[in-house]
Every structure is written in C-alpha cells, then in structure tokens.
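Student: Attaching a single structure in structure tokens format; questions to follow.
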Amino acid sequence: MRAALGVTVCLGALLLGCTGDPDPIEPGGSGPSEPSGSSEPAVGPCDAEVVAAIDATIAGQLAAFAADDFEAAIGFASRSFRAGVDVASFRALILEAYPNLTDDAVHRSGACTITAEGVAEIRIEVTGEGGTRDDHRYLMVAEDGRWLVAAAVTPDEGDRTRA
C-alpha cells in the first residue's frame with residue numbers, strides 16, 4: 001500500500017504541484033465541504049462524510065496492495081493519475097519505494113482540508129504489519145461520485161513523490 005500510495009503521490013505531486021509543510025497527524029476536522037449559497041468553493045476542514053468517503057478509498061487501496069492486486073489498487077487512483085502510469089509500472093514503484101504499504105497495513109486519518117471544489121488534502125498515518133508507522137499526505141479528488149487518490153507523499157521525504 002505504501003508503495004502504491006507513493007507512486008500516486010509522486011505523479012500527482014508532479015502533475016498537480018502538491019505542496020505543504022509536514023505536520024503531525026491530527027484528528028480530522030469538521031466543517032462545510034460544499035459551498036453554502038455562494039458560487040465560491042468551500043475551503044476549510046472536511047466534514048465527517050468526506051473523511052469517511054476518503055477513508056473508504058484509502059482502506060480499499062491498502063487492501064488491494066496487501067492482496068498483491070495492483071490492478072484493483074490503481075482503480076482507487078484518479079483518472080489523471082491512471083492516464084500517466086500502467087499497472088506494471090505502478091506495482092514496481094510501490095514495491096520499490098513503499099513496501100510498508102503492501103504489508104496488510106491499516107491507516108488512521110488526521111487533518112483533512114478541502115483546498116478547492118472537489119479537491120482535498122488529508123494526513124494519514126499508516127501502520128504496517130510489523131508495527132512500522134509512516135505519515136503520508138494524500139491529495140484526493142472527487143470523481144464519478146467518489147474520492148480518488150491523485151497523489152501522495154510522506155512529509156519526511158519532502159516533495160519526493162511515490163504511489
């Protein structure tokens with residue numbers, strides 16, 4: 001899972017220019033995630049429904065990594081990410097850069113922010129089978145009625161990309 005997330009993050013970061021200062025995992029926020037009566041997109045903390053939908057996507061991708069099903073794992077990535085990488089390259093990138101993600105990993109969500117309409121950034125702590133923990137920053141996009149991974153990075157590695 002960690003590797004796949006890294007590839008997604010790397011490509012997404014390169015394509016989307018994902019930036020931000022690393023900070024520790026904090027509890028998810030609450031607040032509006034959709035505009036309320038204005039034409040401006042809501043920017044601020046994700047509401048509980050958005051966090052739950054993002055959690056489902058990340059958990060699904062982690063489960064696919066653990067099952068060595070990279071075709072299913074890439075299905076949790078955005079269209080723009082999928083357009084830039086094939087399954088074999090995605091698998092190689094994840095296994096090389098983020099093997100912890102493939103270790104029957106579990107995650108815990110932290111701070112989540114809507115940064116633009118249909119775009120969110122969320123902090124995730126991933127714990128692998130052996131107890132190793134890694135923090136990740138995911139860039140998520142709303143597509144086809146669900147939240148998909150556009151990019152992911154580990155704050156301790158700066159803007160080095162990975163899926």
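Student: Search region 131-146 for residues being surrounded by fewer than 17 Cβ atoms within 10 Å (Cβ to Cβ) and in contact with a helix residue (DSSP H, G or I) (Cβ under 8 Å, 6 or more places away or on another chain), and hand back the single one that is nearest to Asp68 (Cα to Cα).
Tutor: Checking each candidate, the answer is Thr132.
Student: Tell me, please, whether a residue that is hydroxyl-bearing (Ser, Thr, Tyr) and either surrounded by 21 or more Cβ atoms within 10 Å (Cβ to Cβ) or within 14 Å of the chain's Cα centre (by Cα) (or both) can be found in region 147-163. Step through it out loud before you land on a result.
Tutor: Residues of region 147-163 hydroxyl-bearing (Ser, Thr, Tyr): 154, 161.
Add one more test, that the residue is either surrounded by 21 or more Cβ atoms within 10 Å (Cβ to Cβ) or within 14 Å of the chain's Cα centre (by Cα) (or both), and what stays is 154, 161.
Scanning region 147-163 turns up at least one residue that is hydroxyl-bearing (Ser, Thr, Tyr) and either surrounded by 21 or more Cβ atoms within 10 Å (Cβ to Cβ) or within 14 Å of the chain's Cα centre (by Cα) (or both).
Student: Any residue at all in region 18-39 that is at pLDDT 50 or above, acidic (Asp, Glu), within 23 Å of Thr132 (Cβ to Cβ) and surrounded by fewer than 22 Cβ atoms within 10 Å (Cβ to Cβ)?
Tutor: So far as region 18-39 goes, no, none of its residues is at pLDDT 50 or above, acidic (Asp, Glu), within 23 Å of Thr132 (Cβ to Cβ) and surrounded by fewer than 22 Cβ atoms within 10 Å (Cβ to Cβ).
Student: Another question, then. May I ask you to verify whether Ala52 is in contact with a helix residue (DSSP H, G or I) (Cβ under 8 Å, 6 or more places away or on another chain) and modelled with pLDDT of 95 or more? Working first, answer last.
Tutor: Numbers: in contact with a helix residue (DSSP H, G or I) (Cβ under 8 Å, 6 or more places away or on another chain): no; modelled with pLDDT of 95 or more: yes.
Considered against the rule, which asks whether it is in contact with a helix residue (DSSP H, G or I) (Cβ under 8 Å, 6 or more places away or on another chain) and modelled with pLDDT of 95 or more, Ala52 comes out as no.
The values are calculated or read from the model by the stated rules, or taken from the named source; none is laboratory data. Here the structure is a predicted model, which means the values were calculated and not measured. Because the Cβ atoms are built from the backbone with ideal geometry, glycine has one as well, and the counts that use them run over all protein chains shown.
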